[in-house]
Amino acid sequence: MTTFQKQLGRFPLGIWLAYAALGVLCLAWVMQAYSLLDWEGALALGFQNESFSGDPAEQAWALESWGVAMADMVWPMPITLVALFGMTRGRFYGYVAAMMVFAIGVYFPLFFAFQRWATFPSFAVVALVLFTLPCLLGIVGLWANRGRFIG
Amino acid sequence: MEVTLITWIVAVAGLLIMGLLFTVQFIAVIKPRSEWTIKNVYGADPSNTDPKAFFAVNQGYAWADVIFWGPIQIPGCIGMLLGLRWGFLLALIGSVPFVYTAITIFIWDRDMGFRKNTFNYWVIVWGMFPAFGLLEMVYCFVRLLG
């Protein structure tokens, strides 16, 4: 825990890790937002894996992915914005919002990985490394520095 | 932290709801294609869509719930009952997937034609999870702020 409390410039390491995790989550929400606006374009860029014009299996996967993208816009994306705003102001609600969105940041790559392991194993690994790992580090980093937010 | 009557209601409800969900999802993990699992956990006919996608989608949620969601929600509720601050925080974190999965399942069931306009579907199968998640989230947040 002391490693996460080590001061690195403006913030301790744990807070930097939390900001980094929020950053990668913002990247995910941008990709999801782009997917909802232009699904085939997102497919070409590699943001999504399945097309609505494919075979019945691919169409089912595309529908499932579309639902997840929509959920990301409705629920975790606004919480991420609250977390960023609150954390920069050093407020407790920012700390709580960050913890909440990190829970989603761990949860969604997990179910994605177990769903896609047989079809897209490389994407499953990327999702776990890119999102689950930073969010777990963000949770630990925030917990180690909870005194900054809890009066 | 003080353990009030409302703390007991929220924590016990959380234990019951997550206990039920964790149990059925654990059964889905160990018996992914059994008739019982299809009928009582997935609650839909795999032949209505591509069966491989159907089972994979449901298995993804089952594994994630057993590995991550249950193990944060259940200790969170126990921590609440013990009056521990981390219990309220863990329960608050664990309340988020209730709403998240409700949105994804709402869309999946609608698009796949799995939705049923019955009291059982809207209240037991779907509605009680986000309703409890929101209640738990607001309660734990207010308590942690206090």
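Only the coordinates and a few stated rules stand behind these numbers; no lab work does. In this text the structure is predicted, and so the values were computed from the model without any measurement. With ideal geometry, Cβ positions are generated from the backbone for all residues, glycine too; neighbour counts draw on all protein chains shown.
Points worth noting:
- Using Cβ point charges alone (K and R +1, D and E -1), the dipole size of chain B about the Cα centre works out to roughly 60 debye.
- Least to most buried among B:2, A:50 (fewest other Cβ within 10 Å first): B:2, A:50
- Cα centroid separation, segment A:54-89 to segment A:119-151 (Å): 17
- Computed over chain B with a Gaussian network model linking Cα atoms closer than 10 Å, the most mobile of B:25, B:59, B:73 is B:59.
- Proportion of all alpha-carbon pairs of segment B:1-97 beyond 24 Å (%): 33
- Segment A:35-125 - convex hull of the alpha-carbon atoms, volume per residue in Å³: 101
- Residue A:81 paired with residue A:11, simple spin-label distance in nm, labels 7 Å along Cα-to-beta-carbon: 2.0
- Cross-link reach is defined here as a Cα-Cα straight distance under 21 Å, omitting same-chain residues fewer than 8 places apart; for residue B:39 the lysines meeting it are B:31, B:52, B:116.
- Each eigenvalue of the Cα gyration tensor of the protein assembly as shown, multiplied by 5 and square-rooted, gives one semi-axis; in descending order these are 32, 25, 15 Å.
- Measuring between their Cα centroids, segment B:71-146 and segment B:28-55 lie 23 Å from each other.
- DSSP loop trypsin sites (Lys or Arg not before Pro) with at most 12 other Cβ within 10 Å excluded, longest remaining stretch of chain A: A:11-88
- Two-site label geometry, residue A:133 and residue A:52: point separation in nm, points 7 Å out along Cα→Cβ: 3.5
- Using only side-chain charges placed at the Cβ, +1 for Lys and Arg and -1 for Asp and Glu, the dipole size of segment A:1-149 relative to its Cα centre rounds to 1160 debye.
- Peptide-level mean, for A:72-84, of C-beta atoms on other protein chains within 10 Å: 2
- Shape summary of segment A:7-49, radius of gyration then Dmax from alpha carbon positions: 14.9, 45 Å.
- Projected-area average for segment B:31-146 over all orientations - Cα convex hull basis, square nanometres: 7.8
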